[in-house]
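Engineer: Sending over a structure as structure tokens; questions will come in a sec.
The values are calculated or read from the model by the stated rules, or taken from the named source; none is laboratory data. Just so it is clear, the model here is predicted, and its values are computed rather than measured. All Cβ positions, even for glycine, are placed from backbone atoms using ideal geometry, and neighbour counts span all protein chains on display.
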Amino acid sequence: MTAAALAFDLPRALEATEPPEARGLARDDVRLLVAERGTGDLHHHRFHELPELLAPGDVVVVNTSGTLPASLGARRRDGARIRLHAAMPAPGLDGDARWLVELRTADGAAPLRDGRAGERLELDGDAELELLAPYAGEDRLWLSRLHDAPSMTALLARHGRPIRYRYVPRSWPLSAYQTAFATHPGSAEMPSAGRPFTAELVTRLMAAGIHVAPIVLHTGVSSPEAHETPYPERFLVPETTARLVNAAHYWNSRVIAVGTTVVRALETAAADDGAVEAAQGWTELVITPERGLRAVDGLITGWHEPEASHLRLLEAAAGPELLQASYDAALEHGYLWHEFGDAHLVLP
């Protein structure tokens, strides 16, 4: 089964077009579909019920990466306005002047595939960006060099705005794209599985004997219209988190990853037997059902489009039958998709 084999069509009516707060809901009041792999059962809940759905001794691993305002206005030499999505610093290169970037239409709705090596773009903030070469031999991301600005991070902080796609018709402040755990800025797009958490919910988890442990994985751009494997991403698994994960398995408790970003980081740091060691750097790991999961037992995630490469990872967590049943139930019961939508909890 490939990602495309998950059979469903996503109605526009199920695309979350605004944050739940704009719909009169608290962050942790979004809906939560619970899928149990051992029994095949599905249950419908609200996210704030999470402490009652987990068990004392479980370890919930969260991503503390913060979202950058990674979308910049730009102008081509012929005067055409476009948008530039800053994906990440170039892997393997030091400094903050060479980034991987994506060219988009002026409204950000669609990718542009007509970049040229040597092309220079005028960026908002009176900086200039030079396209050096296509990244990984493709025409979506470009290795670029920034001119006339101290750093891309500083330029984004002053002139950038959050990346948004066509299903979100209006702009929202950067705070709408930050999770409660965002302490290490670096993600082009929000690690959105963590968005429904609140400080009160985390307190309730801890009071119930459920541990919360951090990793960092800085996300690149997703470009949801493209069915592509993930690009390399920067990550950090701290020693304390590695110890908690290993202890949970020793106690026969469960490790619950909050998002595919956490799965990628933990599985990168895991040995064949599931033991996790502290690790950091760049990960190129692509998780498939054939590889399976070694360190992660359960997963909290959002709802992904039919062509999303994340569905291969989700199949590794849930299995093909339960994953299909989950998506069928989400469609039948009107769950909402994307970063401002509802949530999905897969338990072993």
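Engineer: Give all pairs with beta carbons closer than 8 Å in which a residue from region 191-213 that is in the same structural domain as F340 (by TED's automatic domain parsing) meets a residue that is modelled with pLDDT under 95; count only pairs at least 6 apart in sequence or on separate chains.
Structural biologist: Pairs found: none.
Engineer: Count, please, the residues in region 60-93 that happen to be of a type in the set (G, A, S), out of contact with any helix residue (DSSP H, G or I) (no Cβ under 7 Å at 6 or more places or on another chain) and under 18 Å from L129 (Cα atoms).
Structural biologist: 7
Engineer: Go through region 6-30 and give me each residue that's out of contact with any Pro (no Cβ under 9 Å at 6 or more places or on another chain) and closer than 22 Å to R166 by Cα.
Structural biologist: Correct list: P11, R12, A13, L14, E15, A16, P19, E21, A22, R23.
Engineer: Looking at A136 and the list (1) in contact with a Pro (Cβ under 6 Å, 6 or more places away or on another chain); (2) at positive phi; (3) hydrophobic (A, V, I, L, M, F, W, C), which single condition is not satisfied?
Structural biologist: The single condition A136 does not satisfy is (1).
Engineer: Could you list, in sequence order, all residues of region 8-22 that are modelled with pLDDT under 95 and either aliphatic (A, V, I, L, M) or in contact with a strand residue (DSSP E or B) (Cβ under 6 Å, 6 or more places away or on another chain) (or both)?
Structural biologist: The one that is modelled with pLDDT under 95 and either aliphatic (A, V, I, L, M) or in contact with a strand residue (DSSP E or B) (Cβ under 6 Å, 6 or more places away or on another chain) (or both): L10.
Engineer: Let me ask something else. Restricting attention to region 30-49, which residues are outside any strand (DSSP E or B), more than 20 Å from P320 (Cα to Cα) and either in contact (Cβ under 8 Å) with a residue 24 or more places away in the chain or aromatic (F, W, Y) (or both)? It would help to see each step written out before you state the result.
Structural biologist: Filtering region 30-49 down to residues outside any strand (DSSP E or B) leaves 30, 37-41, 47-49.
Now drop any that are not more than 20 Å from P320 (Cα to Cα), which leaves 30, 47-49.
Of everything in region 30-49, those that are outside any strand (DSSP E or B), more than 20 Å from P320 (Cα to Cα) and either in contact (Cβ under 8 Å) with a residue 24 or more places away in the chain or aromatic (F, W, Y) (or both) turn out to be V30, F47, H48.
Engineer: Given the conditions (1) within 19 Å of G186 (Cα to Cα); (2) exposed (fewer than 14 other Cβ atoms within 10 Å of the Cβ), report the number of the one that W142 does not fulfil.
Structural biologist: Failed condition: (2).
Engineer: Right, something else. Give the residue, chosen from G220, G209, that is on the phi > 0 side of the Ramachandran plot and either within 23 Å of the chain's Cα centre (by Cα) or at pLDDT 95 or above (or both).
Structural biologist: Numbers: G220 fails: on the phi > 0 side of the Ramachandran plot.
Of the residues listed, the single one that is on the phi > 0 side of the Ramachandran plot and either within 23 Å of the chain's Cα centre (by Cα) or at pLDDT 95 or above (or both) is G209.
Engineer: Across region 298-336, what is the number of residues that are out of contact with any Leu (no Cβ under 8 Å at 6 or more places or on another chain), over 25 Å from R27 (Cβ atoms) and either part of a loop (DSSP other than H, G, I, E, B) or among the hydrophobic types (A, V, I, L, M, F, W, C) (or both)?
Structural biologist: 4
Engineer: Could you check, for region 330-340, whether at least one of its residues is farther than 28 Å from A22 by Cα and out of contact with any helix residue (DSSP H, G or I) (no Cβ under 8 Å at 6 or more places or on another chain)?
Structural biologist: Quick first cut of region 330-340, residues farther than 28 Å from A22 by Cα only: none.
Among the residues of region 330-340, not one is farther than 28 Å from A22 by Cα and out of contact with any helix residue (DSSP H, G or I) (no Cβ under 8 Å at 6 or more places or on another chain), which makes the answer no.
Engineer: Here are A269, A278: which of them is within 11 Å of L236 (Cα to Cα), surrounded by fewer than 15 Cβ atoms within 10 Å (Cβ to Cβ) and either among the hydrophobic types (A, V, I, L, M, F, W, C) or not assigned by TED's automatic domain parsing to the domain that holds I210 (or both)?
Structural biologist: On the way: A269 fails: surrounded by fewer than 15 Cβ atoms within 10 Å (Cβ to Cβ).
Among A269, A278, only A278 is within 11 Å of L236 (Cα to Cα), surrounded by fewer than 15 Cβ atoms within 10 Å (Cβ to Cβ) and either among the hydrophobic types (A, V, I, L, M, F, W, C) or not assigned by TED's automatic domain parsing to the domain that holds I210 (or both).
Engineer: Related question: Among (1) in contact with a His (Cβ under 8 Å, 6 or more places away or on another chain); (2) surrounded by fewer than 23 Cβ atoms within 10 Å (Cβ to Cβ); (3) assigned by TED's automatic domain parsing to the domain that holds V286, where does Y231 come up short?
Structural biologist: The failed condition is (1).
Engineer: Test of understanding: among R75, R113, which residue is more than 17 Å from P232 (Cα to Cα), of a type outside the set (D, E) and within 26 Å of the chain's Cα centre (by Cα)? Before the answer, list the steps.
Structural biologist: Values: R75 fails: within 26 Å of the chain's Cα centre (by Cα).
Sole residue among the options that is more than 17 Å from P232 (Cα to Cα), of a type outside the set (D, E) and within 26 Å of the chain's Cα centre (by Cα): R113.
Engineer: Please work out which residue is surrounded by the fewest Cβ atoms within 10 Å (Cβ to Cβ), limiting yourself to region 1-29 and to residues that are of a type in the set (G, A, S) and assigned to a loop (DSSP other than H, G, I, E, B). Before the answer, list the steps.
Structural biologist: Here is the first cut: in region 1-29, the ones of a type in the set (G, A, S) are 3-5, 7, 13, 16, 22, 24, 26.
Now narrow it down to the ones that are assigned to a loop (DSSP other than H, G, I, E, B): 7, 16, 24, 26.
Working: A7: 9, A16: 21, G24: 7, A26: 15.
Among residues in region 1-29 that are of a type in the set (G, A, S) and assigned to a loop (DSSP other than H, G, I, E, B), the one surrounded by the fewest Cβ atoms within 10 Å (Cβ to Cβ) is G24.
Residues are listed down the side, and each one gets a yes or a no for (1) under 21 Å from the mean Cα position of the chain (by Cα); (2) modelled with pLDDT under 95:
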| position | (1), (2) |
| --- | --- |
| V62 | yes, no |
| T67 | yes, no |
| A70 | yes, no |
| G95 | no, yes |
| R98 | no, yes |
| E119 | no, no |
| I163 | yes, no |
